[in-house]
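Chemist: If you scroll down you'll find the structure; I have some questions about it.
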Amino acid sequence: MSLPSHIYIQESASKTLADLLLKGNYSRVAVLTDENTNQHCLPEIRKILPETTVFIQIQSGEENKNIASCTHIWKELTDAGFDRKGLLINLGGGVITDMGGFCAATYKRGIRFINIPTTLLSQVDASVGGKLGIDFMGFKNHIGLFQDADAVLIDPRFLSTLPFRELRSGYAEVLKHALIADLAHWRTLPKEGWQDLNWREIIKHSVEIKHSITTADPTEKGLRKVLNFGHTIGHAIESFFLEQAENKLLHGEAIAIGMICESYLAQQKSGLTAESLKEICHYIASVWPTEPINQDIFPAIMDLALQDKKNEQGVINCTLLAKTGEAVINIPISRQDIRESLEWYNKKGWQ
Ligand SMILES: NC(=O)c1ccc[n+]([C@@H]2O[C@H](COP(=O)([O-])OP(=O)(O)OC[C@H]3O[C@@H](n4cnc5c(N)ncnc54)[C@H](O)[C@@H]3O)[C@@H](O)[C@H]2O)c1
Ligand SMILES: [Zn+2]
């Protein structure tokens with residue numbers, strides 16, 4: 001596996017960006033941040049930005065990945081007189097790269113954009129693969145399109161200011177990439193001390209996996225669905241807790257639970273061995289919290305799983321594992337299967 005030339009993984013985002021700005025022949029440059037990346041990440045690139053750069057800031061958080069924030073971004077670009085040769089630099093986590101990309105791809109029918117992802121989740125997942133969008137009427141990523149960034153600059157140094165829970169959340173996607181596509185990579189993930197990994201190496205490998213899958217199937221006709229492992233049940237759990245004022249789960253924390261439940265279903269339906277199931281779940285439980293989920297909310301989780309936009313004609317299609325390092329797509333699962341897997345999760349069946 002290798003990386004395409006527009007994805008740069010190196011500890012020098014500002015130097016690479018300076019080169020790209022020179023070569024790009026852009027009429028104007030704008031940078032999109034939230035208050036956290038404005039404080040922690042913008043100083044790294046600010047020094048090389050042109051004097052006429054437009055700085056656009058939105059409030060952090062998934063709840064702001066909405067049309068109101070887009071209106072603000074489009075208005076700032078319009079007020080600054082941005083033409084179609086302008087460039088938008090998205091400096092932040094997945095909220096910024098998804099929404100900034102969406103705003104760029106639609107402003108005057110499309111201006112170019114560069115992603116500088118600053119969370120582990122956005123470095124290994126959200127900033128690669130061309131999916132752009134915003135949430136709408138309570139539905140995640142409901143409005144959006146596919147379009148690639150001009151360049152993706154991944155600088156692992158940005159992770160040094162990331163809160164621990166956010167780093168751990170992103171690590172769920174690293175684990176997922178190994179489980180669906182790379183047994184050898186899974187074998188190299190440390191059983192203890194994952195926080196001390198060589199992030200540059202880990203990110204490179206993870207991005208290679210995501211990139212090879214998304215280029216083979218850019219608009220999710222088939223193969224790309226392997227990336228949904230852990231996400232059918234995980235997303236439903238995430239959505240449920242999103243509406244709770246307390247107990248909010250981060251994306252990766254919900255996906256970790258989803259990967260446990262879906263590994264259980266993989267043993268039932270797609271040939272994952274009992275030994276592999278145990279090994280995977282042990283590992284997940286050693287990294288993420290595995291708090292029990294109240295049985296009373298199982299029906300709500302099952303309802304949410306059924307609503308997932310990846311289902312067709314009322315059937316819940318799930319991506320499971322055939323074995324560690326190999327995923328299978330389109331395995332139908334029932335509400336009862338989800339209930340059983342949640343019960344198994346609550347009982348910590350892997351112990
Ligand atoms: N397009 C895709 O293929 C894809 C894939 C996965 C996830 N996503 C999307 O990504 C989003 C989640 O991304 P995320 O987890 O990066 O969330 P996020 O963008 O909300 O960032 C998490 C938090 O970290 C802060 N932050 C970012 N970088 C920082 C840094 N270097 N130092 C300190 N704080 C920093 C942010 O301000 C925010 O508070 C979701 O909206 C999800 O839908 C998209
Ligand atoms: Zn995910």
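The values are calculated or read from the model by the stated rules, or taken from the named source; none is laboratory data. Here the structure is a predicted model, which means the values were calculated and not measured. Counting neighbours? That spans all protein chains shown, and the Cβs are built from the backbone with ideal geometry, glycine included. Calculation scope for accessible area: heavy atoms of the full protein, side chains included, ligands and nucleic acids excluded. Shrake-Rupley method; radii C 1.70, N 1.55, O 1.52, S 1.80 Å.
Chemist: Considering only residues that are among the β-branched types (Val, Ile, Thr) and either within 16 Å of ligand 2 (Cβ to nearest atom) or surrounded by fewer than 16 Cβ atoms within 10 Å (Cβ to Cβ) (or both), which ones fall in the stretch 31-47?
Modeler: Once the filter is applied, which keeps residues that are among the β-branched types (Val, Ile, Thr) and either within 16 Å of ligand 2 (Cβ to nearest atom) or surrounded by fewer than 16 Cβ atoms within 10 Å (Cβ to Cβ) (or both), the stretch 31-47 yields nothing.
Chemist: Need pairs with beta-carbon distance below 7 Å; first residue within 16 Å of ligand 1 (Cβ to nearest atom) and within the stretch 167-193, second charged (D, E, K, R); sequence gap 6+ or separate chains.
Modeler: Ser169/Glu253; Glu173/Asp125; His177/Lys210
Chemist: Which condition number in (1) away from ligand 1 (no atom under 15 Å from the Cβ); (2) within 16 Å of the chain's Cα centre (by Cα) is the one that Ala254 fails?
Modeler: Checking Ala254 against (1) away from ligand 1 (no atom under 15 Å from the Cβ); (2) within 16 Å of the chain's Cα centre (by Cα), the one that fails is (1).
Chemist: Tell me the residue from Glu76, Glu44 that is touching a helix residue (DSSP H, G or I) at 6+ places or on another chain (Cβ under 6 Å) and not hydrophobic (A, V, I, L, M, F, W, C), please.
Modeler: Answer to the selection: Glu44.
Chemist: When only residues in the stretch 218-231 that are open to solvent by 10 Å² or more (accessible area, probe 1.4 Å) and either of a type in the set (A, V, I, L, M) or assigned to a helix (DSSP H, G or I) (or both) count, which is farthest from ligand 2 (Cβ to nearest atom)?
Modeler: Leu223
Chemist: Ok, one more. Output the residues belonging to the stretch 51-67 that are at pLDDT 95 or above, charged (D, E, K, R) and open to solvent by 80 Å² or more (accessible area, probe 1.4 Å).
Modeler: Glu51, the sole residue that qualifies.
Chemist: How many residues does the stretch 78-124 contain that are assigned to a helix (DSSP H, G or I) and touching a strand residue (DSSP E or B) at 6+ places or on another chain (Cβ under 9 Å)?
Modeler: Number of matching residues: 18.
Chemist: List every residue pair whose Cβ atoms lie under 7 Å apart, where the two residues are 6 or more positions apart in sequence or sit on different chains, the first residue falls within the stretch 13-26 and is within 17 Å of Phe158 (Cα to Cα), and the second residue, located anywhere, is β-branched (Val, Ile, Thr) and open to solvent by less than 30 Å² (accessible area, probe 1.4 Å).
Modeler: Ala13/Ile45; Ala13/Ile116; Ser14/Ile45; Leu17/Ile45
Every residue, every condition in (1) within 14 Å of ligand 2 (Cβ to nearest atom); (2) of a type in the set (S, T, N, Q); (3) at negative phi; (4) assigned to a loop (DSSP other than H, G, I, E, B), yes or no:
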residue	(1), (2), (3), (4)
Ala236	yes, no, yes, no
Gln244	no, yes, yes, yes
Lys248	no, no, yes, yes
Gly258	yes, no, yes, no
Ala285	no, no, yes, no
Ile297	no, no, yes, no
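Chemist: Out of everything in the stretch 236-262 that is small (Gly, Ala, Ser) and free of Cβ contacts under 8 Å to residues at least 60 places away in the same chain, what residue ends up being surrounded by the fewest Cβ atoms within 10 Å (Cβ to Cβ)?
Modeler: Only one residue tops the list, namely Ala245.
Chemist: I'm trying to understand the selection: among the residues of the stretch 270-294, which are in contact with an Asp or Glu (Cβ under 8 Å, 6 or more places away or on another chain) and at pLDDT 95 or above? Working first, answer last.
Modeler: Taking the stretch 270-294 first, the residues in contact with an Asp or Glu (Cβ under 8 Å, 6 or more places away or on another chain) are 286, 288-289.
Scanning the stretch 270-294 gives Ser286, Trp288.
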